[in-house]
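A short reminder: the numbers here are calculations on the coordinates, not readings from a lab. All values derive from a computational prediction rather than experimental measurement. Cβ placement follows ideal geometry from the backbone for every residue including glycine, while neighbour counts extend to all protein chains displayed.
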Amino acid sequence: MSGVDLIFILKKLTHLKSLDLQYNKITDFSALQTHINLESLNAGQNGAKNVKDFTKCAKLQTLVLNMNQINDCSGLEELVNLKVLNLAYNLFTNIYPLQNLINLTQLDLQCTRFEEFTPLTQLVKLEALFLLDCQINNISFLKPLVNLVTLNISANYIISIYELHFLTKLKILDIYSNQIVDCNPLSGLQLNRLQMYNNNILSVDFDVSELKHCDVSYNKITDISNLPKQCIKMGQMEQSQQDQLLHKRLVTIYKYYNWMLISRKTISSLKKFNTQISNNINRDIKVQQERIRYILMLSVEFFRVEQNDQ
């Protein structure tokens, strides 16, 4: 079914409350202007160039438009009921229309290019914010966003993370592939997961008592004496604990194995969406590929030793 045929059918389905149109080739969404009852719309990975066809859907609470070709997000300010908005991998450079969306709780702008982050300071209800690879070098705009629980500002040009100290509700934080040296601002945060590999961190002398997962690989750390107490040596564990840890390692191996499948061809295919793949993303893929090689090497050695002991 072509995108044109699909839109023709949609003209007759005016009572829809939820609609998923992702992974099509739709460039004209004008048929949606009569869908005033829509509350959730996923039109990701299509060919939309603007958002004017969505602005009549005033009841929308969830709108997903990632990986389109949107070069202007003017009109979104009319969708004041939005709670979840995904505009990742698009071409617009002005996010001022977003400052009116004060009910947003989740916003994804990763891999977009805009110079002014001030509009985000108005979105104080945000609980999840994704700004991976947005060429950020200053995060002062984050200070008012005190309700954030999940934050991803990885693959940017960030040196100072001072403002994170004010985000006391943070549980999940991704700040990997930046230029961070000092992680002391993280002290006192009740984080559950922290990803800050591939930075310039010299020490891990911060106190994060609730931490369950921490990745500080590919840094310049020489002293790990102040790592959280959860970091227990294998030799101090009972056999059941060792089995659980081994299981977690295998899950990690499986997770990062996917990165080994990423090739230059895959990256090139993304450019069909007119998406600029930055050096940070390429660098991060290389880092992940090295990680999986290292993890696999350690795992093979671990099983070899176990086999010899039996």
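Observations
- Across 59/143; 25/125; 143/212; 49/169, pairs whose alpha-carbon gap is larger than 28 Å: 59/143; 25/125; 49/169
- Loop-located chymotrypsin sites (Phe, Trp or Tyr not before Pro) in the stretch 18-106 (DSSP state other than H, G, I, E, B) with a sparse environment of at most 15 neighbouring Cβ atoms within 10 Å: 23.
- Proxy reagent accessibility, fewest Cβ within 10 Å first, across 112, 121, 55: 121, 55, 112
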